Amino acid sequence: MRIPDFELERYFARWEFAVEHLLCASDVEGYPMAELLALADDETRGLWDGLRLGYTESTGHPLLRAEIASLYDRLEADDVLVFAGAEEAIFCLLNVMLGPGDHAVVTWPGYQSLYEVARAAGAEVTLHELRESDGWALDLDRLRASIRPTTRLVVVNAPHNPTGMLPGRDEWRALTELCAEAGIHLLADEVYRYLEFDPADRLAAGADAFERGVSLGVLSKSFALAGLRIGWLATRDRDLLARAARFKDYTTICSSAPAEILGIVALRARTPVLERTHRIVGANLPVLDRFFATHSDWFSWVRPRAGSIGFPRLNAPGVTIDDFAAELVEAEGVLLLPGSRFDYPGNHFRIGFGRTDLPVAVERLGAFAERRLG
């Protein structure tokens with residue numbers, strides 16, 4: 001396989017653990033392990049205390065798959081396959097679904113794996129561009145026009161990274177009906193599900209919507225457990241899931257035993273785990289609202305509807321976001337992610353609001369902007 005460098009990951013490899021304030025993180029402040037273990041029930045505490053560090057089941061611990069299945073309305077444990085993070089799930093699924101002569105439609109800007117793995121597998125990819133002028137919304141007419149006889153897969157990340165876009169219910173229903181009628185699989189990248197600012201906006205999971213719907217989930221984002229590296233695919237298409245399982249034999253084979261037990265703990269205690277996430281995000285959003293209102297001459301954004309990230313734009317003639325971000329990190333130890341890392345034109349950048357140090361980081365960003373742009 002030949003595949004381009006993952007620009008976002010190369011950027012974070014350089015900066016993520018070298019800066020004081022990661023103001024572009026896609027995840028939420030990591031859950032303290034002691035606090036997570038304190039949420040364990042008697043069964044999971046017994047599993048943890050008696051854990052032996054051997055191999056685990058390649059499909060995932062039965063209790064873990066059962067807990068994941070309970071996140072959906074129409075799924076059973078056998079409709080779930082566990083992976084070492086969402087990244088492995090994407091890699092396996094796209095390799096078994098797509099090949100030379102196949103076509104996929106993928107939302108963009110977006111996570112590079114969602115289209116580059118498809119291209120590396122030999123498929124043609126049409127990027128469905130989300131546009132700031134449309135409020136980053138899906139354009140169903142334009143997406144429909146992208147469908148070909150060879151289209152095998154539509155990929156939509158919602159809530160969306162990096163814009164925070166979330167389709168409306170009618171729009172989502174129209175998309176799933178389009179895919180169902182055309183006999184096309186839909187990969188619903190739902191890693192930010194449960195981080196809707198208004199729970200009434202939560203969409204039907206892709207796996208629940210129709211037989212060819214595939215939901216991608218992970219404990220890294222909404223559940224604030226990125227260090228566990230637990231992701232999954234969920235779908236009623238068990239033949240597709242079996243093909244992905246056979247491909248997984250060539251990647252990780254199985255997940256980490258401690259991570260699986262901690263994942264069961266988190267999913268059984270999902271209410272307090274997600275409440276913590278919403279407290280952090282809910283406290284940080286007003287800070288960003290004030291920042292963008294105060295600095296509207298230099299910055300603008302479409303306020304996200306869900307997730308822990310947004311995609312603002314720097315409006316400073318003669319100043320590129322790449323240069324601004326490079327100077328900011330050197331001067332203030334605050335990291336932004338330029339839109340160029342998504343290969344997206346213009347002066348957009350990703351900002352993350354899931355970390356508890358955001359107020360300090362935003363204060364430093366404002367001070368730097370005053371010096372640099374004022």
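The values are calculated or read from the model by the stated rules, or taken from the named source; none is laboratory data. The shown structure was predicted, so the numbers you read here are calculated from the model rather than taken from an experiment. Positions of Cβ are generated from backbone atoms using ideal geometry, with glycine treated the same way; all protein chains shown enter the neighbour counts. Areas reflect the complete protein model, heavy atoms only, side chains present, ligands, DNA and RNA absent. Shrake-Rupley method; radii C 1.70, N 1.55, O 1.52, S 1.80 Å.
Structure notes:
Per-residue answers, yes or no, for (1) free of Cβ contacts under 8 Å to residues at least 24 places away in the same chain; (2) among the aromatic types (Phe, Trp, Tyr); (3) over 28 Å from residue 195 (Cβ atoms):
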position: 307; (1), (2), (3): no, no, no
position: 310; (1), (2), (3): no, no, no
position: 331; (1), (2), (3): no, no, yes
position: 336; (1), (2), (3): no, no, no
position: 342; (1), (2), (3): no, yes, no
position: 354; (1), (2), (3): no, no, no
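- Test: residue in the range 81-100 that is in contact with a Phe, Trp or Tyr (Cβ under 8 Å, 6 or more places away or on another chain), modelled with pLDDT of 95 or more, open to solvent by 10 Å² or more (accessible area, probe 1.4 Å) and not small (Gly, Ala, Ser): yes
- Members of the range 59-112 that are free of Cβ contacts under 8 Å to residues at least 24 places away in the same chain and in a loop (DSSP other than H, G, I, E, B): 76, 100
- Within the range 221-252, the residues that satisfy the criterion of being open to solvent by 10 Å² or more (accessible area, probe 1.4 Å), in contact (Cβ under 8 Å) with a residue 12 or more places away in the chain and either within 10 Å of residue 93 (Cα to Cα) or of a type in the set (Ser, Thr, Tyr) (or both) are 241, 243, 245, 247, 251, 252.
- Filter result (under 28 Å from residue 183 (Cα atoms) and in contact with a Gly (Cβ under 8 Å, 6 or more places away or on another chain)) within the range 202-232: 205, 206, 207, 212, 213, 214, 215, 216, 217, 218, 231, 232
- Selection within the range 134-166 - free of Cβ contacts under 8 Å to residues at least 24 places away in the same chain and more than 23 Å from residue 103 (Cα to Cα): 134
- Taken over the range 109-136, the criterion of being open to solvent by 30 Å² or more (accessible area, probe 1.4 Å) and over 24 Å from residue 243 (Cβ atoms) is satisfied by 127, 129, 131, 132, 133, 134, 135.
- Answer residue from the range 157-205, given it is among the β-branched types (Val, Ile, Thr) and assigned to a loop (DSSP other than H, G, I, E, B) and is nearest to residue 240 (Cα to Cα) among those: 184
- Matching residues, the range 167-192, being touching a residue at least 40 places away in the same chain (Cβ under 8 Å), open to solvent by 10 Å² or more (accessible area, probe 1.4 Å) and aliphatic (A, V, I, L, M): 191
- The residues of the range 1-39 that are within 11 Å of residue 337 (Cα to Cα) and either touching a His at 6+ places or on another chain (Cβ under 7 Å) or part of a loop (DSSP other than H, G, I, E, B) (or both), listed by number, are 16, 23, 24, 25, 26.
- Qualifying residue in the range 28-38 (condition: touching a Phe, Trp or Tyr at 6+ places or on another chain (Cβ under 9 Å) and aromatic (Phe, Trp, Tyr)): yes
- From the options 26, 70, residue that is hydroxyl-bearing (Ser, Thr, Tyr) and either within 22 Å of residue 251 (Cβ to Cβ) or in contact with a strand residue (DSSP E or B) (Cβ under 9 Å, 6 or more places away or on another chain) (or both): 26
- Residue list for the range 119-132, filter: assigned to a helix (DSSP H, G or I) and in contact with a His (Cβ under 9 Å, 6 or more places away or on another chain): 132
- Hits in the range 306-365 - residues which are assigned to a helix (DSSP H, G or I), open to solvent by 30 Å² or more (accessible area, probe 1.4 Å) and either within 16 Å of residue 27 (Cα to Cα) or not hydrophobic (A, V, I, L, M, F, W, C) (or both): 322, 323, 327, 330, 332, 340, 341, 359, 363, 364
- Positions within the range 271-305 being farther than 27 Å from residue 220 by Cα, hydrophobic (A, V, I, L, M, F, W, C) and open to solvent by 20 Å² or more (accessible area, probe 1.4 Å), in sequence order: 293, 298
- Selection from the range 219-230 of residues that are in contact with a Lys or Arg (Cβ under 9 Å, 6 or more places away or on another chain) and either within 17 Å of residue 258 (Cα to Cα) or part of a helix (DSSP H, G or I) (or both): 219, 220, 223, 224
- Residues of the range 231-244 that turn out to be in a loop (DSSP other than H, G, I, E, B) and in contact with a Phe, Trp or Tyr (Cβ under 6 Å, 6 or more places away or on another chain), as a count: 0
- When the criteria are applied in full, residue 56 fails the requirement of being in contact with a helix residue (DSSP H, G or I) (Cβ under 8 Å, 6 or more places away or on another chain), assigned to a helix (DSSP H, G or I), open to solvent by less than 50 Å² (accessible area, probe 1.4 Å) and in contact (Cβ under 8 Å) with a residue 40 or more places away in the chain.
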